[in-house]
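Undergrad: Take a look at this one; I'll ask things after.
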């Protein structure tokens, strides 16, 4: 069962928050949008009604989440979903498109043996290091060995890529 609260000002919706959807999102605020004060009021209403006690958020610092952390809310980083990239080279090309300094940097191979090639040669990254390189929160130190200083700085600016997928049904 999904519960939604809407914040209004002068009869106009300015924010909303939704909690609960299937067994895996029961008790979790999983979707919100709008003005930070309104979002926080909606989250508070959901928590106060006993509908939610957790908030699902991406690693980015959206205003409502930053304010929750500043107020003492505890955060925990963990994988929420699993996905498989059909072609690692294509994913890499999409993530680094438009970054001229990364034009000669390649990421290729299989998840269990991923190779990063840059101006200084190639390094083999473990599955966990490849995921950390692409999606953070930290970049693997080994990646720096393959890259020139300009490539490393460009990579720091381009990655980690904030991954957020939607449209999947809850269990």
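The values are calculated or read from the model by the stated rules, or taken from the named source; none is laboratory data. Values in this document were obtained by computation on a predicted structure and should not be read as measured data. All Cβ positions, glycine included, derive from the backbone under ideal geometry; neighbour counts span all protein chains shown.
Undergrad: I'd like the full set of residues that are at pLDDT 85 or above and outside any helix (DSSP H, G or I), limited to segment 126-149.
TA: Listed by number, the residues that qualify are 126, 147, 148.
Undergrad: Here's another thing I want to ask about it. Right, residue 153: at pLDDT 80 or above and either surrounded by 10 or more Cβ atoms within 10 Å (Cβ to Cβ) or assigned by TED's automatic domain parsing to the domain that holds residue 97 (or both) or not? Break it down stepwise before answering.
TA: Working: at pLDDT 80 or above: yes; either surrounded by 10 or more Cβ atoms within 10 Å (Cβ to Cβ) or assigned by TED's automatic domain parsing to the domain that holds residue 97 (or both): yes.
Yes.
Undergrad: Related question: Return yes or no: is residue 58 modelled with pLDDT of 90 or more and outside the structural domain of residue 109 (by TED's automatic domain parsing)? Spell out how you get there, then give the answer.
TA: On the way: modelled with pLDDT of 90 or more: no; outside the structural domain of residue 109 (by TED's automatic domain parsing): yes.
So residue 58 fails the test.
Undergrad: Further question: Please find, within segment 93-125, the residue that is nearest to residue 159 (Cα to Cα) out of those that are part of a loop (DSSP other than H, G, I, E, B) and either touching a helix residue (DSSP H, G or I) at 6+ places or on another chain (Cβ under 6 Å) or touching a residue at least 12 places away in the same chain (Cβ under 8 Å) (or both).
TA: The initial filter retains those residues of segment 93-125 that are part of a loop (DSSP other than H, G, I, E, B), namely 97-99, 103-105, 111-112, 119-120.
Subset that is either touching a helix residue (DSSP H, G or I) at 6+ places or on another chain (Cβ under 6 Å) or touching a residue at least 12 places away in the same chain (Cβ under 8 Å) (or both): 99, 104-105, 111-112, 119-120.
Values: 99: 11, 104: 16, 105: 13, 111: 18, 112: 20, 119: 18, 120: 19 Å.
Looking at residues that are part of a loop (DSSP other than H, G, I, E, B) and either touching a helix residue (DSSP H, G or I) at 6+ places or on another chain (Cβ under 6 Å) or touching a residue at least 12 places away in the same chain (Cβ under 8 Å) (or both), I get 99.
Undergrad: From 52, 71, grab the single residue that is at pLDDT below 80, surrounded by 12 or more Cβ atoms within 10 Å (Cβ to Cβ) and closer than 30 Å to residue 135 by Cβ. So that I can check it myself, show each step before the final result.
TA: Working: 71 fails: surrounded by 12 or more Cβ atoms within 10 Å (Cβ to Cβ).
Being at pLDDT below 80, surrounded by 12 or more Cβ atoms within 10 Å (Cβ to Cβ) and closer than 30 Å to residue 135 by Cβ holds for just one of 52, 71, which is 52.
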